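Below is one structure; the comments refer to it alone.
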Amino acid sequence: MSGDVLILGGGSEIGLALARAWAGEGRTIRLAARQTARLAPEIERLRASGAAEVTTHEWDVLDAGSTTRLFDGLPRTPEIVVMAVGLYDHPDCDLLMRSNFNGPALAVEAAARYLGASGGGWIVGISSVAGDRGRASNYPYGAAKAGFTAWLSGLRARLHGKSVRVMTVKPGPVATRMIAGRSVPAPLLCSADRVASAVVAAHRAGREVVYVPWFWRPIMAAVRALPEPLFKRLRLG
């Protein structure tokens, strides 16, 4: 493998897990984040994992202009662009929506333009099962992820038959800083490395919608099928 991987949100646990997984294929890894200085220890780890090259880049999901500056400053357009930004359970709903929907949506739209102009590639958006139906708890996060899921779906439809592919990844709860302190039954919790393994396997197989772990697909199909009066009484989530 030789194509570059650009990870937007390269300081997140899922972003770094994906970086390690693709580094093992000998790819060049480019980590984009607001605080690149704290990524210094990860550079040597990624090189040790097999990365051909590792670079870090200043980027802010809340600044649409930074995405243009990022792509314009890269030595070549990546083959894979990952959107791995997330903000969970924040009291500022405006910030939550801009971090989980507005910023990521505009960034993947820009990525699609750059990839299309350079001959194609993949966009991988990390969404969430929380976006499959609004829940009584933390529905602003779910609404933002629902919007991002819809955006990815629309982008995938618009680009169908063209050189850019779009993958939507819907993990359940992942053991990261984002949900630290939240009580989650062990069978429902997965690791960032498990998400990364599923994404890399899906990319190889050409799959475009991925639930992690797999059992969330039938679970969420059942949840979406519940009549609204019953769903409200169950108070899932």
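Here residue 113 passes the criteria (1) out of contact with any Ser or Thr (no Cβ under 6 Å at 6 or more places or on another chain); (2) of a type in the set (D, E, K, R); (3) more than 28 Å from residue 69 (Cα to Cα) except the one numbered (3). Where helices (runs of 4 or more DSSP H) fall wholly inside the range 188-237, the ranges with 1 or more residues that are surrounded by 14 or more Cβ atoms within 10 Å (Cβ to Cβ) and touching a Phe, Trp or Tyr at 6+ places or on another chain (Cβ under 7 Å) are 192-205, 216-225. Could you count how many residues in the range 193-216 are without any contact (Cβ under 8 Å) to a residue 40 or more places away in the chain and within 11 Å of residue 129 (Cβ to Cβ)? Looking only at that region, the number is 1. Out of everything in the range 1-47 that is of a type in the set (Ser, Thr, Tyr) and surrounded by fewer than 19 Cβ atoms within 10 Å (Cβ to Cβ), what residue ends up being modelled with the lowest pLDDT? In this case the residue turns out to be 2.
Scanning the range 154-174 for residues that are surrounded by fewer than 19 Cβ atoms within 10 Å (Cβ to Cβ) and among the small types (Gly, Ala, Ser) yields 154, 157, 161, 163. The single condition from (1) over 29 Å from residue 97 (Cα atoms); (2) free of Cβ contacts under 8 Å to residues at least 24 places away in the same chain; (3) basic (Lys, Arg) that residue 69 fails is (1).
Does residue 230 fit the bill of being over 29 Å from residue 71 (Cα atoms) and either hydrophobic (A, V, I, L, M, F, W, C) or in contact with a Pro (Cβ under 8 Å, 6 or more places away or on another chain) (or both)? I'd like the intermediate steps shown before the answer.
On the way: over 29 Å from residue 71 (Cα atoms): yes; either hydrophobic (A, V, I, L, M, F, W, C) or in contact with a Pro (Cβ under 8 Å, 6 or more places away or on another chain) (or both): yes.
Considered against the rule, which asks whether it is over 29 Å from residue 71 (Cα atoms) and either hydrophobic (A, V, I, L, M, F, W, C) or in contact with a Pro (Cβ under 8 Å, 6 or more places away or on another chain) (or both), residue 230 comes out as yes.
Applying the condition of being among the aliphatic types (A, V, I, L, M) and more than 20 Å from residue 112 (Cβ to Cβ) to the range 53-95 and asking which residue is surrounded by the fewest Cβ atoms within 10 Å (Cβ to Cβ) yields 95.
The values are calculated or read from the model by the stated rules, or taken from the named source; none is laboratory data. Small disclaimer: the values here were computed from a predicted structure and weren't measured. With ideal geometry, Cβ positions are generated from the backbone for all residues, glycine too; neighbour counts draw on all protein chains shown.
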